[in-house]
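The structure under discussion appears below in the form of structure tokens.
Taken together, the values in this text are just the output of simple stated rules run on the coordinates, not laboratory data. Keep in mind the model is a prediction, meaning the values are calculated, not measured. Here Cβ is always computed from backbone atoms with ideal geometry, including for glycine, and neighbour counts include all displayed protein chains.
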Amino acid sequence: MSDAMVATRASDERGTAQQVDVAVVGAGFAGLYLLHRLRKAGFSAVGLEEAGDVGGTWYWNRYPGARCDIQTIDYSYTFDPELEAAWTWSEKYATQPEILRYLGFVADRYDLRRDIRFKTRVTEARWDEASERWFITTDNGAPVSCRHYIMATGCLSAPKPPEIDGVKDFKGEVYFTGRWPHDGVNLAGKRVAVIGTGSSAIQSIPLIAEQAAHLTVFQRTPNFALPAHNGPPPSDRMSLLQSDRATYRAQARQSMAGVPYPQQTVVSWQLSDAERRERFERAWAAGDLVHILTQLWADQAVDVDGNKIVQDLIREKIRAAVKDPETAAALTPHDHPFGAKRPCLDTNYYATYNRPNVTLVNLRQEPIKAITASGISTNGRSFALDVIVFATGFDAMTGAIRAVHPITGRDGKSLSDVWAQGPQTYLGLTVAGFPNFFMITGPGSPSVLSNMAVSIEQHVDWVVDRLAALRDAGFTTIEPTETAQAGWGRHMADCSMLTLHRLANTWYTGANVPGKVQGLMPYTGGVGPYRSICDEVVSRGMLGFRLTGPDGAAQCNDGEVVRLQPDVRLVLNLLATLNLPPIESMGAEGARAFVNEFNKGRPAGRPIGEIVDGTLPGADGPLPYRVYKPATAGPHPVVVYFHGGGWVLGDEQSDEPFCRDMVRRTGMMFVSVGYRHAPEHRFPTAAEDGYAATRWIAEHAAELGGRPGPVLVAGWSAGGNIAAVTCQLARDRGGPDIAGQLLVCPVTDCSFDRPSYNDNATGYFLTRSLMYWFWDLYCSPADRTDPRVSPLRGKVENLPPAFVVTCEFDPLRDEGVAYAEAMAAAGVPVEQLRARGHFHSSFTMVDVVITGVSGRVQMAGALRRFAGLPPEISRGESNQEHDSPGRRIAAAAS
Ligand code: N01
């Protein structure tokens, strides 16, 4: 189109278009609250809604049994205490009609319908650069010209089309749960098929079975379902809410899932079987998804072993509920961790299969061949039917957004093209190249992994507050930068490693829609952390956004909002709130007492084969050691380990979680050495103790239960320094033979002027000033260039192969890299792991920094290679019971 034509078209549109500040698409939970907030903030707004009334998902999903499955007291607006007081829910899980009534009540109370154009579908949206406005065309009435365009279209509002051949040939009735007729459907006496066993099916199947002459359920993948135990709102939750509503709501906003439950700290293996069963039975009886997904044990959602325990307990329940063992087996999920696919809440779901008029067809064994005029045929049977119900789900998260096509942003780019390889967003709220465009609970936000009511309010508040601030500052456009968006993508990917969602093929990942690009779409870092990130973007001057206004006014504070790994961020934030005095201010004794106390509150680590304490003869007297042995039959290769603590703190037990974890991952024996500490024993005591201990351990490997022959050395921080020094001394003093060295964030040099010392001087637990203190206590300035404390200054030729780990946010990062590079330049085989987003303690905080797992997997692989073992630990070595889908998931997750 020529420029002149564009200009003519634009002016035509301006002439006929409805002019508003903001257009909002959708009149569900999000759209209604947006209209209310926008109006209060003084913006003119129009709501565009395809449906005939308000309600969003609750307008369309009218199938039998449709209810919410977050307790309704939590699944409500909280922005107005008077609204909360004015409405009382009748049930723990309200039905679809009641929720729809509630949304109608809200629309009336705030007089919202007057700004909504119903039965109006948005067909196209186009950014006009010259006027800095969006032009929106609809299938009903005037187009809209608006400064800001907000999609509040919901995450589950574009039903999947039937993907099975022959639907058009079927002579009976066809229904979709997501587009259920308003007048209901009479299923009495009919032969009904339900295709799908997701939440919609699991809610509707028991009620359909009660009406139909016969119900045949076509199941592709079984799901975990839990009894809802519906009834009145439970008194315990009600009294929590009523006793202090403001605190209850505030806690919900800061929680991980948007419902106020405490964070569990006890991990599964710290509990006995009886304790785990007791917790599980309590959760089962509670009939609450958030409870059972978060309250059993801390590792249930992040660790395959912790998760498998829950899976097995639920499988027992399914076997107990379903009489026919074959049907029970078919209904039992084995292909995904519990919670990785959206679990369901049910009322009599499993028991429904005991009814004589219900048949389950396992599509994994007999796939559907076609839908015919009279029913459904599988590759084994034909089912004559009167009604087919598709409960086959949605093109989730992106479907409703992409249904408006095209959404054309800057430079004529369409959102569909920009998202061709999957959704790219900043905060799940905005997209680079699409100024003044927002999504409520879009891909990249916690959305469907949270209580939607809480997430919607947070998004709406954030967006409307930003629009008001923008207006007040005189800016007219807001758009995220590519840097910020790419950074968010990385942070999303980092978060996805925290939970097990990535291990299931689900609508969370797009796997349910043929041809859809796959990747985890919701943000898995949690509601509270996400909220704090959105707030941080604002407090750091709209970090990652470009704002522009008249006369060339512009502001762009570019950057990535989260560069730390998500769990590292949480740990550092938590430490910051503790407001601890600097360790170096405590004195050596005080610091040791503090570290001991700190370590007491930390789980020691998973069980391993055996732990044996002993002493070895050092140069000036006995040195304690602790042996960590694998559970498998030895003898195993021996790793001599040196703990961290700046040559001042710690002991042979203080890195116990790390040692246990590495023993499990390597199948090797670790001997952790209690070398002597400064200031009582200054340089070179720690180095000489380390070397002497290594020599003794190598000579006594067999007595210790290890494999005779070359040993390996490993160490973290100052322990990494001792390990590195030991390798140099062993080379120069005629042994022992060392097959490899693992140096984790090692101290390698006495220089403090490398960039990492300044970049990470404070804020990452190990500070520059703490390092100064360690050096001062251990080593006089005159001695510091001695290779026994600064191995980088020594000869680095002919050393054992090395695996060197450095962390981005560690003062010691650059000296670790320098040592690795110096060794490599000298011909030593060196592998490096430069851990992005990690801090000095990331890899030793085993059960806290989950994102450290992949690094420890690499470390273990390196140690095994150095020892001449295959890099992967075999099943026999790790005591894994049997091959099963669960085990295969475990292998994928580790
Ligand atoms: O959809 P789903 P849903 N041939 O995608 C199967 C929310 N929700 O509408 O797993 C045969 O979960 C598919 O099989 P598979 C809630 O978040 C909430 O039930 O892909 N089968 C699956 O079994 C929920 O998670 C409530 O192998 C096919 C089913 O259809 C989300 O909405 C109530 C198929 C689809 O399950 C979606 O739930 C309802 C095919 N071609 C929904 N295609 C509340 O309680 C798909 N399937 C608040």
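Looking at the chain, what % of its DSSP beta bridges pair antiparallel, to the nearest 5? Display every interim value, and only then the final one.
Numbers: 39 of 107 bridges.
In the chain, DSSP labels about 35 percent of beta bridges as antiparallel.
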Ranking of Arg856, Arg490 by count of other Cβ atoms within 10 Å, fewest first
Arg490, Arg856
What order do you get for Met497, Met669 when you list them from fewest to most C-beta neighbours inside 10 Å?
Met497, Met669
For the chain, take the longest principal axis of its alpha carbons; what is the angle in degrees between that and the long axis of helix 96-109, to the nearest 10 within 0 to 90?
80 degrees
For a quick check of your reading of the filter: which trypsin sites (Lys or Arg not before Pro) in region 374-457 sit in a DSSP loop and have no more than 13 other Cβ atoms within 10 Å?
Arg381
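Determine the sum of side-chain charges near Leu38: Lys and Arg each +1, Asp and Glu each -1, restricted to other residues whose C-beta is under 13 angstrom from that of Leu38.
Values: positive: Arg37, Arg39, Lys40, Arg147, Arg466, Arg471; negative: Asp21, Asp115, Asp461, Asp465.
The answer is +2.
Based on the Cβ-Cβ distance of Glu699 and Arg319, what FRET efficiency does E = 1/(1 + (r/R0)^6) give at R0 = 60 Å, to the nearest 0.05?
Values: r = 56 Å, r/R0 = 0.93.
Rounded to the nearest 0.05, the efficiency is 0.60.
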Separation between the Phe118 and Thr88 pseudo-spin-labels, each 7 Å from Cα along Cα→Cβ, expressed in nm?
2.9 nm
Suppose R0 equals 35 Å; then what is the FRET efficiency for Glu589 and Ala493 from their Cβ-Cβ distance, rounded to the nearest 0.05?
0.20
Amide H contacts under 5 Å for Arg133, restricted to residues at least 5 apart in sequence or on another chain and with H modeled in the peptide plane, are Asp128
Hits in region 429-452: amide N under 17 Å from the 7 Å Cα→Cβ extension of Ser131, namely 435-437
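Which chymotrypsin sites (Phe, Trp or Tyr not before Pro) in region 689-770 pass both tests, a DSSP loop state and at most 16 other beta-carbon atoms within 10 Å?
Numbers: sites: Tyr691, Trp696, Trp716, Phe752, Tyr757, Tyr764, Phe765; in loops: Phe752, Tyr764, Phe765.
For chymotrypsin sites (Phe, Trp or Tyr not before Pro) across region 689-770 that sit outside H, G, I, E and B with at most 16 neighbouring Cβ atoms in 10 Å, the list reads Phe752.
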Summed over the other residues with a beta carbon less than 10 angstrom from that of Gln653, with K and R at +1 and D and E at -1, the charge totals -4
Using the Karplus curve 6.51 cos²θ - 1.76 cosθ + 1.60 with θ = phi - 60°, work out ³J(HN,Hα) for each residue of region 64-78 in order, rounded to whole Hz, and write x for Gly and Pro.
x, x, 5, 8, 7, 10, 10, 3, 5, 5, 8, 9, 9, 5, 10
Amide H to amide H, which residues 5 or more places from Glu173 or on other chains are under 5 Å from it, using H placed in the peptide plane?
Val387, Ile388
In degrees, nearest ten, helix 853-866 long axis to first principal axis of the chain (Cα)
40 degrees
Quickly estimate the mean residue ellipticity at 222 nm for the chain, helices only: each DSSP H run with n ≥ 4 gives -39500 (n - 2.57), and the total goes over all residues, rounded to 500.
-10500 deg cm²/dmol
Residue exposure sequence - Tyr349, Tyr261, Tyr77 - by fewest surrounding Cβ within 10 Å
Tyr261, Tyr77, Tyr349
Euclidean distance of C-alpha centroids, region 525-587 and region 632-649, integer Å:
37 Å
Can you tell me how much longer the chain between Ala486 and His334 gets when fully stretched, taken as 0.36 nm per residue apart minus their C-alpha distance, in nm with one decimal?
51.2 nm
Considering the dipole of the chain built from charges on the beta carbon (Lys and Arg +1, Asp and Glu -1) around the Cα centre, which of Phe598, Leu103, Ala85 is farthest to its positive end?
Leu103
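Gain in length, Ser272 to Arg220, computed as 0.36 nm per residue apart minus the alpha-carbon separation, to one decimal in nm? Let's see the in-between values first.
Numbers: separation 52, 0.36 × 52 = 18.72 nm, distance 3.56 nm.
Roughly 15.2 nm would be gained on extension.
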Residue farthest toward the positive end of the dipole of region 166-306, with Cβ of Lys/Arg at +1 and Asp/Glu at -1: which of Pro260, Thr294, Leu215?
Leu215
Pairing the Cα long axis of helix 482-496 with the longest principal axis of the chain, what angle in degrees results, from 0 to 90 and rounded to the nearest 10?
80 degrees
The size of the Cβ-based charge dipole (Lys, Arg +1; Asp, Glu -1) of the chain about the Cα centre, to the nearest 20 debye, is 1760 debye
Residue by residue through region 388-393, the couplings from Karplus 6.51 cos²θ - 1.76 cosθ + 1.60 with θ = phi - 60°, in Hz, x for Gly and Pro, are 10, 10, 8, 10, 9, x
Exposed loop sites here are GluC sites (Glu not before Pro) in DSSP loop states with at most 10 other C-beta atoms within 10 Å. What is the longest stretch of the chain lacking them?
1-679
For region 792-800, Karplus-derived ³J(HN,Hα) couplings (6.51, -1.76, 1.60; θ = phi - 60°; whole Hz; x for glycine and proline) come out as 4, 8, x, 6, 10, 6, 6, 9, x
Out of residues 5 or more away from Leu712 or on other chains, whose amide H comes under 5 Å of its own, with H placed 1.01 Å from N in the peptide plane?
Val638, Val639, Val640, Ala739
Difference of contour (0.36 nm per residue) and Cα-Cα distance, Glu173 to Gln365
66.5 nm
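Could you tell me the calculated FRET efficiency between Asn140 and Tyr772, based on Cβ-Cβ distance and R0 = 56 angstrom, to the nearest 0.05?
In this case the efficiency is close to 0.20.
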Of Gly690, Pro736, Pro746, whose Cα points farthest to the positive end of the dipole of region 634-761 (charges on the beta-carbon: +1 Lys, Arg; -1 Asp, Glu; origin at the Cα centre)?
Pro736
